[in-house]
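What follows is calculated from the coordinates using simple rules that are stated; it is not laboratory data. Everything numeric here is computed off the predicted structure, so don't read it as measured data. All Cβ positions, glycine included, derive from the backbone under ideal geometry; neighbour counts span all protein chains shown.
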Amino acid sequence: MTVLLDAPQIHERIVSLAAEIESDYPPDDEIHLVGVLKGGFVFMADLIRAMSARVTLDFIAVSSYQQSTRSSGEVRLLKDVDARLEGRHVIIVEDIVDTGLTLTYLQDMLRARAPRSLKTACLLSKPSRRKVEVQVEYVGFSIEDRFVVGYGLDYAERYRNLRGVGVLAPHVYA
Ligand code: PRP
């Protein structure tokens, strides 16, 4: 495995993303973050701690990859959010946008719940892999099409605990 992004690099980027997000909303408005499980939980944990107190959070769980590196193109809702989104400033918090299918599904679903605003924050984006155009207001890093793990991202449920993002050697997953 080779390191693509180390922990200090990620931390620095998240601090600046958090500041950018907060400056985009009126100072007294609450921001409701919806983390996408499982991969998004590490990014969520670091993002909220880089923000001021006016955040609340919830989680949603979806699955699109069946223990493989290839997208099935199918998105399944495994767990819905607990709280209502109506009238709130909602930000979807994802680890990675790849084909864009998962986010398109989530954005459509959450937009139908009449939030006051809906935006998306992704730590990583692989623009070359997009199958559908999807709007992501806050992107941590745009990366090339490599199989990345760590910082919440898995291969067959492993490596989520790595502090940085690494590239798996092809012989591991091919
Ligand atoms: C990953 C990632 C996104 C999605 C992105 O989730 O967390 O949700 O794939 O891919 P897309 O843009 O091609 O739709 P995964 O299904 O691997 O689940 P996990 O977060 O539980 O690991």
For E137, distant residues with modelled amide H under 5 Å away: T120
Around L118: net Lys/Arg minus Asp/Glu count, Cβ-Cβ under 12 Å: +2
Calculated FRET efficiency for the pair V132/R76, C-beta based, R₀ 25 Å, to 0.05: 0.90
Residues of the range 144-168 with amide N under 20 Å of the 7 Å Cα→Cβ point at R49: 150-154, 159-166
Extended-chain gain in nm, criterion 0.36 nm per residue less alpha-carbon gap, A169 and E144: 7.5 nm
Given charges at Cβ of Lys, Arg, Asp, Glu: the chain dipole, positive-most of S23, L124, A53: L124
Charge dipole (debye, nearest 20) of the range 1-150; +1 at Cβ of Lys and Arg, -1 at Cβ of Asp and Glu: 460
Most positive-pole-ward Cα, V42, Q107, L78, against dipole of the chain from beta carbon charges: L78
Backbone N within the range 140-165 under 13 Å of label point (7 Å from S16 Cα along the Cβ vector): 140-142
Gain in span if fully extended, M109 to V3, counting 0.36 nm per residue against the direct Cα distance: 34.7 nm
Cα centroid separation, the range 119-174 to the range 24-62 (Å): 19
Rg in Å to one decimal, and Dmax rounded to a whole Å, for the chain via C-alpha atoms: 15.5, 51
DSSP-defined beta bridges in the chain - what % are antiparallel, rounded to 5: 30
Two-site FRET efficiency, T99 against T56, from Cβ-Cβ distance with R₀ of 30 Å, rounded to 0.05: 0.50
